[in-house]
Amino acid sequence: MKKILVTVFLSALTLGSYGQQSVAMAVDAGASRYTISRHIYGHFSEHLGRCIYDGYWVDPKMQVPKQDRIRLDIVDALKRIKIPNLRWPGGCFADYYHWMDGIGPREKRPTIINTAWGNVTEDNSFGTHEFLMLCELLGTEPFIVGNMGSGTVKEMSDWVEYLNFDGVSPMTKLRKENGRDKPWGVTYFGIGNENWGCGGNMTPEFYSMNFRQYSTFTRNYPGTTLRKIATGPNGANYAWTEVVMRDIGNRMWGLDLHYYTRPRGTLIPQTQGQGGGQGQRPPQMPGQGSATNFTEETYFITMRNALRIDEIIKGHDEVMTKYDPQKRIALVVGEWGIWTDVEPGTNPGFLYQQNSLRDALIAGTTLNIFNNHCDRVKMAQLAQTVNVLQALILTEGPKMILTPTYHVFDMYKVHHDAKMLPVSFTSPDYVLQGQTLPAINASASQDSTGVVHLTIVNIDPNNTINLSVTLNQVKWSSVTGQVLTSDRIQDHNTFDKPNTVVVKKFDGAKRQGNILNVAMPSKSVVMLELK
Ligand code: AHR
C-alpha cells in the first residue's frame, strides 16, 4: 500500500478579508483512502497516584454520585467525549500486578505495595470486575495489559480464560462464583508493558521470544479473537521495532510505541533528538519543568519535542513496512502526552500535574499527526485520564474540573471512524530567536453523512495566521466552528476558576466563493464543520 499522499506545495496569496498574507491549503476528498479509527482517541488509566484510587474509585463516604465506588461525574464527562477504549492496569504497574489479588470478596483481597509508584499500599478493591464495570459504564472497550515481567505464563493464560471463556472450566467456575456469569469478551490484550525498561529490562530478542511463548497460551475463545499488542519501542528506538517485527511479526495485532513530550532541551539543538523522547530515566525524575510556569523559550522547545512524534511514527512505519507492506500490524501509541514536574507539594511518585493551553496545543497537534498517519496508527492512548500526567480530568475531593486537553478531545471526536482527507499546505514558520517550527498543523475527515471536519492548530503564540482553503470534491455551503484558546499559553483551569480555557464558538471562518477563509488566532485549536 502506498504512503498517504500529503502533497506539499508552497504558495502565499494576498487576500483582502483577513489582511496580509494568506497561506494556501487544500483538502482533497478525492484522495481519501483510509479511515481514522476511533481507537486513536483512546485513554490510559494506571494504578498510579490518584488515577484509580481517589480518582475513578472513591471512598464510599464521598458525597458524589457513584455506582458502587465509581464516580459518575467522571464517567459522564468521559462519555461525552466518547472514549473508545481504556488501557489498564498499567504502565509499569502491569508487570507488577497479579490479577488474582483483585478478584473475590473485597474484604478477603490482599493488600499490596505499589512499588512501581510511590510505595503506597493498595487494598485491591479495584480489580478485574471493577475495571470492566467501569468500561461498561463508559461504553468503552477495555484494553488489558498482562504481566509478563513478574507473572507466569499460566497466570496470563488463566486471566484470558477468566475474561473470555463461556464453557465449563476452572476459570469460568471462579468467575461465576465471583458474580459474573457471562464472559466479558475482552479483545485488546497487551503482552507486557515497556519490557525494555520497567517491565523487565529485556533485550528485543529476549522479549520477542517471551512474547511468542506467552501469547501462545493466551487463547482465542469462541466469540472473541484477541488482538495481541506487543511492547513497542521507546521513542525513536528503531532497532527495537526491527527485531520485534522480524521475530514476532504477524503473531501480534499491534506494536505499542511510547513517546512522552518533555519540556526540556536547549533552544539551539545540541544533538539530534535531544530533549524529546524518554530515554532510560527514573520515572519520578524531577526538573522536567513546571506545568504552568514556563517561558516562551521553554514553550518553543516543548512544542519542538511534541512535533517529533511525526518523524518517529514515520521512522517506525518505514521499518514495519519492510516486514508488513500491507500495513496489517497496527502501530499503537499506547502512551503519549506531556510529562512535567508534579504540582508543588504533591507526592513526586503520583505524577499529578496541571494542564495548560500549551498541553491543549500539544494534544491538537498530536491528534492531527495521528489522523494523518491513520494507515498505520490505528490505536493510541493519552497518558492518563484522571489526576496523572496530561490528564483530561482533575479532582480534589468531590470537586472535578475539565482540563484544556479534555476540550480538544471533545472538539476532535468528529473524526472518530471518519474517512481521512489529505490536507496539503506549507506552514509558515513560528520563529523564536532565529529558530523555527511549523506554526500550523491540520487534519481533515469526512463522516458517514458527508460532513467534512477540519481541525487546525496554530502553535504560534504571537501571530494570527490567515488560511485560504480549497476543498476538492466536497459539497458544502456553510461553515461553523469552535475554538479553544486563551490569553496566555500558561492559562489553565483551576478548582476556583474552572472555565478559563474552554471551547467557544468560532467566527473566524468565512466562505468566499468556493474558498474557505480562516483567520487562525495565535495559540489556538480550531474545529470547522462544513456542510
Ligand atoms: O504513564 C506513566 C509511566 O510511563 C507508565 O507506567 C510507563 O509505562 C511509562 O514509563
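Every number here is computed from the coordinates shown, using simple stated rules; none is lab data. Computed from a predicted model, the values in this text were never measured in an experiment. Positions of Cβ are generated from backbone atoms using ideal geometry, with glycine treated the same way; all protein chains shown enter the neighbour counts.
Run the reach check for Lys510 against aspartates and glutamates, Cα to Cα strictly under 15 Å, same-chain hits fewer than 8 apart removed. What comes back? Those aspartates and glutamates meeting the cut-off are Glu529. A simple packing score, the average count of other Cβ atoms within 10 Å per residue, orders the peptides 43-53, 492-502, 432-442, 143-153 as 43-53, 143-153, 432-442, 492-502, with the highest score first.
Shape analysis of the range 65-123 yields a ratio of the Cα radius of gyration to the Kirkwood radius, Rg/Rh, of 1.03. Each listed q (0.22 Å⁻¹) maps to a log10 I(q)/I(0) for the range 342-433, found by the Debye formula over equal Cα scatterers with no solvent: -1.14. Shape index of the range 378-531: Rg/Rh, with Rg the Cα radius of gyration and Rh the Kirkwood radius from the inverse mean 1/r over Cα pairs, equals 0.99. Here the peptides 352-361, 521-530 are ranked by packing, the mean other Cβ count within 10 Å, and the order with the highest first is 352-361, 521-530. Of all DSSP bridge pairs formed entirely within the chain, close to 60 percent run antiparallel. For the residue pairs Lys327/Lys419; Lys378/Lys531; Lys413/Lys504; Lys314/Lys531, alpha carbon separations beyond 25 Å are given by Lys378/Lys531; Lys314/Lys531. Pairwise alpha-carbon distances in the range 13-99 exceed 20 Å for 60% of all pairs. For the chain, Cys51, Cys135, Cys374 stand unpaired, since no other cysteine beta carbon lies under 4.7 Å from theirs. Based on alpha carbons, the Rg and Dmax found for the range 439-485 are 12.4, 37 Å. For the chain, the residue among Val479, Met411, Gly139 whose Cα projects farthest onto the positive side of the dipole built from Cβ charges is Val479. Among Val58, Leu72, Phe93, flag the residue with its Cα farthest along the positive direction of the charge dipole of the range 42-98, charges on Cβ as +1 for Lys/Arg and -1 for Asp/Glu. In the range 42-98, that residue is Leu72. Volume per residue for the range 129-174 equals 88 cubic angstrom (convex hull of Cα atoms).
Using a cutoff of 8 angstrom between alpha carbon atoms and counting only pairs six or more residues apart, the relative contact order for the range 128-201 works out to 40 percent.
When Lys and Arg each count +1 and Asp and Glu each count -1, what net charge do the other residues less than 11 Å away from Met252, Cβ to Cβ, add up to? Around Met252, the charge tally is +2. What's log10 of I(q)/I(0) for the chain at q = 0.13 Å⁻¹, Debye sum over Cα points only, no solvent? Ignoring solvent entirely, the Cα scatterers give -1.32. A viscosity of 1.567 mPa s and a temperature of 4 °C, combined with the Kirkwood radius over C-alpha pairs in the Stokes-Einstein formula, give the range 282-410 a diffusion coefficient of 82 µm²/s. For the range 175-235, averaging the sequence separation of C-alpha pairs within contact (under 8 Å, six or more residues apart) and dividing by the residue count gives a relative contact order of 47 percent. Distance from the alpha carbon centroid of the range 16-83 to that of the range 181-232 works out to 26 angstrom. What the Kirkwood sum gives for the range 185-261 is a hydrodynamic radius of 12.7 Å, with every pair of different alpha carbons counted.
Pairwise inverse Cα distances across the range 204-247, averaged and inverted, put the Kirkwood hydrodynamic radius at 11.6 Å. Since only Ile268, Ile515, Thr231 are under comparison, the one whose Cα sits farthest along the positive direction of the charge dipole of the chain, derived from C-beta charges on Lys, Arg, Asp and Glu, is Ile515. Sorting the Cα pairs of the range 94-174 by distance into bins of 10 Å, from 0 upward, gives 17, 45, 35, 3, 0 percent per bin.
Considering the range 407-494 at the alpha-carbon level, its Rg and Dmax are found to be 15.0, 46 Å. Against the compact-protein benchmark of 2.2 N^0.38 Å, the Cα-based radius of gyration of the range 458-531 scales to 1.27. Taking only the C-alpha atoms of the range 47-187, the Rg (one decimal) and the largest Cα-Cα distance, Dmax (whole number), read 14.9, 42 Å.
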